[in-house]
Amino acid sequence: MNDRLIAAKQALSKLPPPQETGLRADVKALRDDIEKSLAAGHSMSAIASALTTSGIAISPRTLGRYLKDARGTPKRRRNEATTS
């Protein structure tokens, strides 16, 4: 391996892990509160509306998807959904 590649490899290995930002990070940070609201009987639409009013503009569908990701629920492949 030449010096240029070695230097590039070392530079890449020193990169810090990326910080989570944006809606996904917001949902992850609010996960416990969102789960409590769901357990109390609030709909995903009501929770998304409350978040939007608070400055976190998110649709109910996106909220559900990001919450699923925050829970660590494995994603289903498209063909698995149709064959199950």
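Remark: region 21-72 carries a charge dipole of roughly 200 debye about the Cα centre, counting +1 on each Lys and Arg Cβ and -1 on each Asp and Glu Cβ. Couplings 3J(HN,Hα) of region 29-34, computed from phi: 5, 9, 3, 4, 5, 5 Hz, in residue order, whole Hz [Karplus 6.51 cos²θ - 1.76 cosθ + 1.60, θ = phi - 60°; x for Gly and Pro]. The helix-based estimate of mean residue ellipticity at 222 nm for the chain, built from -39,500 (n - 2.57) per DSSP H run of four or more residues and divided by its residue count, is -18500 deg cm²/dmol to the nearest 500. Projecting the Cα atoms of 43, 74, 62 onto the charge dipole of the chain, computed from C-beta unit charges around the Cα centre, puts 74 farthest toward the positive end.
Per-residue Cβ neighbour counts within 10 Å put 35, 20 in the sequence 20, 35, beginning with the fewest. Other residues lying with their Cβ under 11 Å from the Cβ of residue 47 contribute a combined charge of -1, Lys and Arg counting +1, Asp and Glu -1.
Here the contact order of region 21-72, divided by its residue count and restricted to Cα pairs under 8 Å and six or more residues apart, works out to 43 percent.
Laboratory data are not the source of any read-out in this text; all were calculated from the coordinates shown. Since the structure is predicted, the reported quantities are computational estimates derived from the model, not experimental observations. Backbone-built Cβ (ideal geometry, glycine too); neighbour counts: all protein chains shown.
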